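Worksheet: one structure, shown below.
The values are calculated or read from the model by the stated rules, or taken from the named source; none is laboratory data. Computed from a predicted model, the values in this text were never measured in an experiment. All Cβ positions, even for glycine, are placed from backbone atoms using ideal geometry, and neighbour counts span all protein chains on display.
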Amino acid sequence: VVELGLPTRSVVTTCAYCGVGCSFKAEVRGSGEATEVVRMVPLKDGGANQGHSCVKGRFAFGYASHPDRVLAPRIRESISDDWREVSWEEAIGFAARRLRAIQAAHGPGSIGAITSSRCTNEEVYVVQKMVRAAFGNNNVDTCARVCHSPTGYGLNQTFGTSAGTQDFASVDDADVIMVIGANPTDAHPVFASRMKRRLRRGAALIVADPRSIDLVRSPHIEAAYHLPLAPGTNVAIVNAMAHVVVTEGLVDREFVDARCEGFDEWAAFIAEPANSPEAVEEITGVPAADVRAAARLYAGARNAAIYYGLGVTEHSQGSTMVMGMANLAMATGNIGRRGVGVNPLRGQNNVQGSCDMGSFPHELPGYRHVGEESVRDIYNELWGVEVLDEPGLRIPNMFDAALDGSFRALFVHGEDIAQSDPNTAHVEAALSALDLVIVQDLFENETARFAHVLLPGTSFLEKDGTFTNAERRINRVRPVMPARTGKQEWQIVCELAQAMGYPMHYDDAAQIMDEIALTTPTFSGVSFAHLDAVGSVQWPCTTERPEGTPIMHVDGFVRGLGRFVPTRYVPTRERSTRRFPLILTTGRILSQYNVGAQTRRTANVAWHPEDLLEIHPHDAEVRGIADGDRVELSSRVGTTSLRASISARMPVGVCYTTFHHPVSGANVVTTENSDWATNCPEYKVTAVQVTPATTQ
Ligand code: SF4
C-alpha cells in the first residue's frame, strides 16, 4: 500500500478496471481541488470482493492525478494544426456547429458515436440518448462490440437475456468448474481467488485454453483436464463434449423436457459422427480421450459451472461458441441454481452496464430492439422525438462508411479505438477520412491524434453514478473529489445535445438513473437511494423484487423455454501459411488493464513496462531467437516489434502477446476477421511470422 499521509475521511466507491467490480473505501485528505487520495482500502462488505483487491485496484488512484490529464477543452480546424485551449462553451459550440453542418451536407446518418464500458451507466445512457434524440439516428455503438458482443447475442438466443446467469458467490457450490478462454488469475484476480479457494476445497477443474495458464497448475491446484486446443477451434471442442453427453446417455432429460425446446433437432445434429472427439482431434489438437473424460466429469457433477472470457468471444464463431456452451449447460441441467451456469467474465468495469444502457445500434436500454414499436413509443413520448426503427452502424461499419465517404463525423467517448481496435492501419485510415472527430477522454490518447475537438473527461474518483459488474451487480460510484475539469461527463454530453438544438437537462446523475428505471423494466426498482441503502443490487431489480436477482433462470428461462441451437463448427478463414506459419493469440497481464491508458499512469507500470511476445522454445530456436531478443512480428496487415519471452507454456506453433502499450501495438497485426453475428473482432487468431529484429 502506498501511504501518502494520514487520511481525514473516506468515500465508498467502485474500482474502475475489471468486471469484478470491487468496492473500495477511498481514504483521502484535504478537500475541494486539494483533495488527495491517501490509499484505497478494499471494502469488507463489498458485494463482489468482501475485503479483497488486486494490484490494479489498489493503485488505481495514481492516474487520476497524473500530469498527463487533459483538464481544459481543446479544438483545432485540422489535425495538422496545433491544439488551442478554449472555454467549454466554445468547444461545445464548435463541435455542435460542425456536427450540424455535416448533417446538412451529407444527411442525418452521416454522424455517430462510440461509447465506453469505462463510463458510468448514466454517462452511457445520455450518450445513446444524444445520438437517438439529437443526432436523429441509431449510429451508436460501444466498445463491447470488440469484446463481449457475442455474449449478448448468444445468451439472448438461448436463454433470453444478454447476461451471465450467476452471482460470484455461486462458485462456492460448484463441484466442477470449467474455465474456457479466460485467464482469471490475471484478468479477474479477486474472483480468481474465490474460485481457487473452491478448487483447493475439492472442486474439480477443466481448463480449455491453448496456453497452460497459471490455473492449470498452481499451489494446491491441478486441473483434472487441460484441453490445449488450437486457437479458433472452441466450437469443435464444445460440440465434441456435447456429443459425448448425448451419445453416452448423460443428458438430464427431466430438465430438458420441462425447461427447454429444440432438443431433438439439436441432439440429432450433435450426435453426428463428425462432432465426435475422435473426429475433431486432428482439428483441435486435443486427445479425444481427454475430451471424453472432461465431458463425463462435467456431465456427472452435481453442480458444474462454466466461466469464460474473451478467448470464447473474440473469434469468427464467438456467438456460436456462446450458444454451444449454453447447449451443454442445458443438456446437463446446469442452469438455474447455485454452483452452475454460464458465466461471462467481463473484461471491463462496466461492459455489462454499457450494453444494458442501449449503446448498441440495434437496441434501446434493456436489450429491446429498435424495431419494436411499443418500446420506441416509450422513448418517443418521453424524449419528444421519433426514434428510428432501423438499426444504425456498428463500429466496423462506421470505419467502412468513413472510407467510402458516407459517414463523416464521430464522437468517441472514453475509448482509444486507434489502439484497441483491430488492424490499426485500417482504423487510422478511417479516422483520417472523417471531417470531424470529437474525443472525450482523460488523456490525449492515440485516437486524439485524429481529433478536432478534445473534451476532457473525469476519472472514476470524480464521477457520480453506477457501474454494473459481470454478475449484473449495480454498484455506486461516488465522487471522492470534485471534477478536475469542472464538469461531469454526462453534463458535457447534455450540453452538446442542447447546442445541437435538442433540450436535454438533468439536475444530477440520480435523475438520469430515475429515467433509466422509468423506461427499463429490469431496472424499475433501481435508484441511488435504494443502492445507498442496500449497498448494491443485481438486476433484474424491479419494484416487485427490489432485492434483485443473484441467480437467473431459476423457475424458467427469461425467454420461457431455453432454446437449443445447433452450432456447426466452421473453421476460421485465418490459417497459418508458409509466409505466416505461426498463430498469434492475445490477452492481458495482471498488473495492466486493456490499452494501459490508466495503468501505465500508475505504480503498476513498474510490473510490466512493455508488452512481450511469448513463444515456445522450439519456435524460438528454429528462428535463432533468444529470450529477451527484440523480434519483428508480422501479419498480412502489418508489422510491429517487441521483445521475445521464451515460454514452455505456449504450444508449438502458437505465440501470444498483450496490448497494453501503444509502442508495440499488437493490433497493428490483428486483422479484419470478425464474429459472423456481431462483428466482434477475431483478436485471438492471427497468422503471423516472427523473425529476429534487425536492430536489438
Ligand atoms: Fe477488483 Fe478487478 Fe479492480 Fe482488481 S481490477 S480491484 S479484481 S475490480
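Go over the candidates 636, 630, 643 one by one and state the one that is charged (D, E, K, R) and within 24 Å of residue 575 (Cβ to Cβ).
Within the list 636, 630, 643, the selection yields 636.
Can you tell me which residue within region 246-266, out of those that are within 32 Å of the chain's Cα centre (by Cα) and assigned to a helix (DSSP H, G or I), is nearest to residue 558 (Cα to Cα)?
259
Quick grid of which residues meet (1) at pLDDT 95 or above; (2) closer than 30 Å to residue 10 by Cβ; (3) among the β-branched types (Val, Ile, Thr); (4) in contact with a Ser or Thr (Cβ under 8 Å, 6 or more places away or on another chain):
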position	(1), (2), (3), (4)
475	yes, yes, no, yes
483	no, yes, no, yes
505	yes, no, no, no
514	yes, yes, no, yes
530	yes, yes, no, no
537	yes, yes, yes, no
547	yes, yes, no, no
553	yes, no, no, yes
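From 513, 500, 504, which residue is under 24 Å from residue 43 (Cβ atoms), touching a helix residue (DSSP H, G or I) at 6+ places or on another chain (Cβ under 9 Å) and touching a residue at least 60 places away in the same chain (Cβ under 8 Å)?
None of the other options fit; the residue is 513.
Run residue 44 past the list (1) within 15 Å of the ligand (Cβ to nearest atom); (2) touching a helix residue (DSSP H, G or I) at 6+ places or on another chain (Cβ under 9 Å) and report the number of the one that doesn't hold.
In the conditions (1) within 15 Å of the ligand (Cβ to nearest atom); (2) touching a helix residue (DSSP H, G or I) at 6+ places or on another chain (Cβ under 9 Å), residue 44 misses (2) alone.
Assuming residue 63 fulfils every condition listed in (1) at pLDDT 90 or above; (2) within 16 Å of the ligand (Cβ to nearest atom) apart from one, which condition is it?
The one condition residue 63 does not meet is (1).
Hey, can you tell me all the residues within region 13-38 that are more than 16 Å from the ligand (Cβ to nearest atom) and in contact with a strand residue (DSSP E or B) (Cβ under 7 Å, 6 or more places away or on another chain)?
The answer is 28, 29, 30, 35, 36, 38.
Every residue in region 600-653 that is acidic (Asp, Glu), in a loop (DSSP other than H, G, I, E, B) and closer than 30 Å to residue 57 by Cβ, please.
Across region 600-653, the qualifying residues are 610, 611.
Across region 649-674, what is the total count of residues that are over 18 Å from residue 426 (Cα atoms) and in contact (Cβ under 8 Å) with a residue 40 or more places away in the chain?
11
Restricting to region 389-441, name every residue that is without any contact (Cβ under 8 Å) to a residue 60 or more places away in the chain, within 20 Å of residue 132 (Cα to Cα) and of a type in the set (Asp, Glu).
Listed by number, the list holds a single entry, 389.
Pick out, from region 130-220, the strands (runs of 3 or more DSSP E) lying fully within it that include 2 or more residues that are in contact with a Phe, Trp or Tyr (Cβ under 8 Å, 6 or more places away or on another chain) and closer than 30 Å to residue 390 by Cβ.
Passing ranges, in order: 140-142.
Condition test on residue 245, is it touching a Gly at 6+ places or on another chain (Cβ under 9 Å) and of a type outside the set (D, E, K, R)?
No: the conditions fail for residue 245.
Return the residue satisfying two criteria in turn: it lies in region 540-567 and is among the charged types (D, E, K, R) and surrounded by 15 or more Cβ atoms within 10 Å (Cβ to Cβ), and of such residues it is nearest to residue 631 (Cα to Cα).
Filtering region 540-567 for residues that are among the charged types (D, E, K, R) and surrounded by 15 or more Cβ atoms within 10 Å (Cβ to Cβ), the one nearest to residue 631 (Cα to Cα) comes out as 563.
If a residue must be under 22 Å from residue 368 (Cα atoms) and in contact (Cβ under 8 Å) with a residue 24 or more places away in the chain, how many such residues does region 516-539 contain?
Total satisfying the criteria: 11.
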